Amino acid sequence: MTEQQAPGTGATPGETAGAPETGTGTETGTGINAETNAEIGADVSVETAILAAAQAATAATTEQLVAANPLRDPRDKRLPRVAGPCVLVLFGVTGDLAKRKLLPAIYDLGNRGLLPPGFSLVGFARRDWAHEDFAQVTYEAVKEHARTPFREEVWKQLSEGIHFCPGEFHDDGAFDVLSMMLKEIDETRGTGGNYAFYLAVPPKFFPTVIEQLKRTGLAQAPDGSWRRVVIEKPFGHDLKSARELNAITSAVFPEKSVFRIDHYLGKETVQNILALRFANTLYEPIWNRGYVDHVQITMAEDIGVGGRAGYYDGIGAARDVIQNHLLQLLALVAMEDPTSFDADALRREKEKVLRAVRLPADLATGTARGQYLGGWQGGEPVVGYLEEQGISPDSATETYAAVRLEVANRRWAGVPFYLRTGKRLSRRMTEVAIVFQRAPHLPFSTDDTEILGQNALVIRVQPDEGITVRFGSKVPGSAMEVRDVNMDFAYGESFMESSPEAYERLLLDVLIGDPPLFPHQREVELSWTILDPVEEFWASNGKPEGYASGTWGPASADEMLARDGRAWRRL
Amino acid sequence: MTTFNLTETTASKISSTLTRLRHQMGAPAVGMVLTLVTVVDEAGQYDALRAATDAAREHPSRILVVIKRDSAEGDRLDAEVRVGESSPGEVVLLRLYGELTGHADSVIRPLLLTDTPVVAWWPGEAPALPAKDPIGALAGRRITDAKAASDGIAAIRSRAESYVPGDTDMAWTRLTPWRSLLAAAFDLPVGQVEGGVVEGASGNPSGPLLAAWLSDRLDAPIDVAESGGPGLTRVRLRLKDGGELVVSRTDARLATLSRPGQPDRRVALARRPTSELLAEELRRLDPDEVYGTSIRRLAAISGREGR
């Protein structure tokens, strides 16, 4: 206890000294600092310091808390997993992600009673805003995008903890203000020095922000409290840059404090892949090369590059989607059963399977890429990629990418995994389809089974989350005609409103400190190892093939499967 | 919403009507996850059904409402079948007359969904022994509501006598947000609790139940005191290290959490409509052991008080 007092008390005077000059820079900052200085000057008695240290020391990991808390009981399943007292610092609050996903998700968590008392949200951006302005922005975002109904009392609870810190990332003063502000919040809201920094900003700002967090000591957690950093994809654009990015974060934050968000992993259906495979006896016996013919993993978008032109050009579909979402889906579908569902065990299995992924020997025939041309999409005329605003007219960036992978292990040897993604395709659809081999012998005449396809188990990720099983069934009538039918399990139908948004789940996991749903740096690097040769091959082989908007991609992708005697599922 | 009235009918006719309606609506697949049997009187029927259909949005169910009418009349079964776009499941209101009022289970049994859980819910007065009740015996989960009894406190105190794993009471469900907030407050250790008091509206069965749970978990005497309400208004826990941990809520919506050495914090703690309570009940269908422990504790406390 006595040892822990020191950092708490020691840090305060230093910070106070730096504050006044920086605070006056912005009109909103002044008020906060005057208050903070007054309070800290007057009130930092030994008692508060001891208390703060005691709180910090006891706000340890979730499991320890549960064990120490007499009111918690593992059998008491009604009590939800609630995060401990903490502050979420959001960089990039003016962005689309914050408005459409993060702020509403925070409200939804509050509405479900999953945020701790005293939970505080600090926004950081280059805006001349006061706390109230940011609260207003949050209010509007919540009103418009929250999943759960708006309730005044929940908003009240949330809005009391909303703070805003104006400033630019390279401005030392702004970060000193932030640091002061967080200390003050610890005092007034009892958040115990637990901060999560959410970097909802383009990766080029990561080094600056992280350096600032290091400089101000915000990255350094006093004993017993925690500091976490949340980063969004892209995690680099190749292996080298991914390592560089990691070097930046890992120089400041230990790996266990880095949460990489792949929002696909927060989706209920994706988590359900694990339940489907490992909670049932029905599927696992046939989940191998003995029964599976091939696997198709698709993420199709109907939209074009839109407002993301600046980021997208030069990156392309494969880096944007295959490297993270699709390879993560592949890992979950193909991995062996983990010994438990803790982060280590799960990540180990995912890494093993990613390590076993093999690229086709001939990249010319085993991959396909395309670029959308103008045309009609869903009844509307749309422009081609090269005519999009902000795209160079001779861009060689692919907007469609498909690749044939194999998993070199006993379970999957010889079973191709076809991954495809594209923009401006016919419709928006993400799914994983396990296509099974044909029955080894059909005791029916060939006429009767002419239109019988292959059995398939389809995990629909979005939209219309659910699972479809396709199998042959007799057509009613006097003749024995067998035809494919679908059997549907719709999430929307069976568990309608209990399906939370991916970001709700992931944010809660960050605040609780539960990492299984976040990819480890090793997974990120392995994914780049898989993709880099493809990107290099494409870069040295001319331009992507054009495909009409509103279709299912370039002819070369169809040919890629046709060579194997297969075809893409028509979605 | 399609409504079908069947008078002087039988379970098998109702069953085939349901199948026919489902096919007519072009949705022959059954996505329903459970059967909810609601036993209620004519006066409570509307509210119960509303709550049940709301809860069915989260848990698509076949809702069977059993209304026992005049037992002096001739034996008769009238049914009202509702299948619609507004609710994902199916609703059947069953009105029982004559001797049939004593044999409701014979009507229910053929109408249960195959191989899925059955939940029985008594929104009003509940049988003394829910698990021994003919309908309760069909269910894996039995939900009663002490608050609806004429003497709510007596009702919740007596639950321990009839308790069988799978029983649960809405008075307990109403406590989840309180318990969750208290548990969150204890996530930062507060040390030993010496005693405390739960304050709530008079006759509110949730008050003594919360006190019983707290005293069981904290191993300290927790009293119950009356306040003007609405619902529960305050929990005060006396700490050994000095001071009190207090959660107070006067407007039934927003609570204040105070503890020594820390700023007061406000937390949303709204009273919830029956539909949400029911939805929570349907979320977990395994026995609620903590509830079992708490009502036993409550019975023990009441026993000591010489009741």
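A few comments on the model shown:
- Residues with amide H under 5 Å from that of residue A:197, placed H, sequence gap 5 or more: A:89, A:228, A:229, A:230
- Across peptide A:77-85, the average count of Cβ atoms from other chains found within 10 Å of a residue's Cβ is 6.
- Share antiparallel - DSSP beta bridges, chain B, percent rounded to 5: 50
- Nearest 10 degrees, 0 to 90: helix A:521-539 Cα axis against chain A principal axis: 50
- Loop-resident chymotrypsin sites (Phe, Trp or Tyr not before Pro) (DSSP state other than H, G, I, E or B) in the range B:94-172 with no more than 15 further Cβ atoms inside 10 Å of their Cβ are absent.
- Label-point gap, in nm, between residue B:12 and residue A:140 - each point 7 angstrom along Cα→Cβ: 6.5
- Calculated mean residue ellipticity at 222 nm for chain A: -11500 deg cm²/dmol, from DSSP H runs with n ≥ 4 weighted as -39500 (n - 2.57), summed, divided by the residue count and rounded to 500.
- GNM remark for chain B: springs join alpha carbons under 10 Å apart, and the peak mean-square fluctuation among B:273, B:60, B:177 falls on B:273.
- Bridge type composition, chain A - antiparallel percent by DSSP, nearest 5: 55
- Extension gain (nm, one decimal) between residue A:541 and residue A:214, 0.36 nm per residue minus Cα-Cα: 113.4 nm
- Residues whose placed amide H lies under 5 Å from that of residue A:455, excluding near-sequence neighbours: A:436
- Among beta bridges from DSSP that stay inside the range B:176-268, the antiparallel ones total about 75%.
- For A:71, B:94, order by how many other beta-carbon atoms lie within 10 Å, fewest first: A:71, B:94
- Those GluC sites (Glu not before Pro) in the range B:82-124 that DSSP places in a loop and that have at most 11 other beta carbons within 10 Å: B:85
- Among B:13, B:68, the ranking by other beta carbons within 10 Å of each residue's beta carbon, starting with the fewest, stands as B:13, B:68.
- Normalised by 2.2 N^0.38 Å, where N is the number of residues, the C-alpha radius of gyration of the range A:68-174 stands at 1.18.
- Ordered by the count of other Cβ atoms within 10 Å of each Cβ, fewest first, A:441, A:237, A:145, B:59 give A:441, A:145, A:237, B:59.
- Under a 5 Å amide H cut-off, with hydrogens placed 1.01 Å from N, residue B:37 pairs with B:64, B:119, B:120, B:121 among residues at least 5 apart or on other chains.
- Theoretical FRET efficiency, 1/(1+(r/R0)^6), r = Cβ-Cβ of residue A:291 and residue A:238, R0 35 Å, to 0.05: 0.45
- Taking the range B:176-268 and dividing mean pair separation by its residue count, relative contact order in percent (alpha carbons under 8 Å, at least six apart): 25
- Neighbour-limited loop hits for trypsin sites (Lys or Arg not before Pro), the range A:435-538 (at most 15 other Cβ within 10 Å; DSSP other than H, G, I, E, B): A:438
- Taking every residue in A:156-166 and counting other chain Cβ atoms within 10 Å of its Cβ, the average works out to 2.
- Inter-centroid distance (Cα atoms) of the range A:131-169 relative to the range B:98-133, Å: 47
- Rounded to the nearest Hz, the phi-derived 3J(HN,Hα) couplings of the range B:246-260 under the Karplus curve 6.51 cos²θ - 1.76 cosθ + 1.60 (θ = phi - 60°) are 10, 10, 10, 8, 9, 9, 6, 9, 10, 10, 10, 9, 10, 8, x, where x marks glycine and proline.
- Label-point gap, in nm, between residue A:340 and residue B:3 - each point 7 angstrom along Cα→Cβ: 5.5
- The protein assembly as shown: translational diffusion in µm²/s, Stokes-Einstein, Kirkwood Rh over Cα pairs, 20 °C, 1.002 mPa s: 70
- Per-q log10 I(q)/I(0), chain B, q = 0.09, 0.11, 0.14 Å⁻¹ (Debye; single scatterer per alpha-carbon; no solvent): -0.51, -0.72, -1.02
- Normalised by residue count, the range A:475-571 yields a Cα convex hull volume of 256 Å³ per residue.
- Label-point separation, residue B:192 to residue A:133 (7 Å along Cα→Cβ), nm: 5.4
- Centroid-to-centroid separation of the range A:356-433 and the range A:188-230 [C-alpha atoms, Å]: 37
- In degrees, nearest ten, helix A:268-278 long axis to first principal axis of chain A (Cα): 60
- Normalised by the number of residues in the range A:305-402, the mean separation of alpha-carbon contacts (under 8 Å, six or more apart) gives a relative contact order of 36 percent.
- For the range B:2-169: span of alpha carbons on each principal axis (Å, largest first): 49, 39, 26
- Interatomic Cα distance distribution for the range B:150-281, bins of 10 angstrom, percent: 12, 44, 34, 10, 0
- Cα-based Kirkwood hydrodynamic radius, the range B:140-226, one decimal, Å: 13.8
- Computed from Cα positions, the angle between helix B:274-283 and the longest principal axis of chain B comes to roughly 90 degrees.
- Compared with the direct C-alpha span, the chain from residue A:355 to residue A:308 gains 13.8 nm at full extension, assuming 0.36 nm per residue.
A short reminder: the numbers here are calculations on the coordinates, not readings from a lab. Just so you know, these numbers come straight off a predicted model, no measurement behind them. In this analysis, Cβ positions are derived from the backbone assuming ideal geometry, glycine residues included, and neighbour counts consider all displayed protein chains.
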